[in-house]
Amino acid sequence: MADKILMNKNTLTTLKNELKGYHTALPVFEMKEQQLKEVIQVIETAVDRLEGAIAKTNKDTKTWAAVMAEDTINLSHFVLVNELKTKTKEIAGVIIEQFVDLSFEEQDIDYLTTPLWVDAAIEAIKDQKTNQLMLQLELKNLESVKEELAEARRMKNALKEVFIPETKNNIRKIEIYLGDVERLAIGCAKLVKKKKQVKSEVV
């Protein structure tokens, strides 16, 4: 808002309309802030769950580490991602990406030459890859929602601390000024009338 304002009725009307708009917008941003905080809580819970699942799998597979390190077995050949399916959803003005499915390329395994533990190891790696990709999605969503929350808070604070108080103050200044001008005009009119009456009496 400009520091210098025109002290007239048109400006007063404009400012009153702006103030009405600010009072309408404020609860919208307050509600949006609350919604985004709830979304963040849900995403953070999902992140904690996925990080816990990944850590547990890492711990459970440590017992296989020495066996899986054999040069004769390369599990990366058995676990190749084919397609990651996601869907987008809008929440409180933010587009987030939700996990739908993760498919892997089917690999032929020769069970006559492949150790028995490979089956279990492949499933564990698939679960781990799935959880890791889901975690990446959730962390990206979390970043987007936090950015939107910061913007909603900035707008809410700007309305509460800047736009609404400044507009109210400017309205008050104009109303005082217009009131003074009106009183001055009335005073001048009375003075002119009195002078005319005195003049007519003298004549």
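The figures follow:
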{"quantity": "Cα gyration tensor, the stretch 96-188 - rounded (a/c under 1.5), prolate or oblate", "calculated": "prolate"}
{"quantity": "FRET efficiency, 1/(1 + (r/R0)^6) with R0 25 Å, evaluated for Cys188 and Lys168 via beta carbons", "calculated": "0.25"}
{"quantity": "Cβ-Cβ FRET estimate between Phe104 and Glu147, R0 fixed at 45 Å, reported to 0.05", "calculated": "0.85"}
{"quantity": "Zone of Met31's modelled label, taken as backbone nitrogen in the stretch 130-156 under 20 Å from a point 7 Å along Cα→Cβ", "calculated": "148-156"}
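Each reported figure results from applying straightforward, stated rules to the coordinates on display, with no laboratory input. Everything numeric in this text was worked out from a predicted model, so none of it was measured. Neighbour counts run over all protein chains shown; Cβ positions are idealised from the backbone, glycine included.
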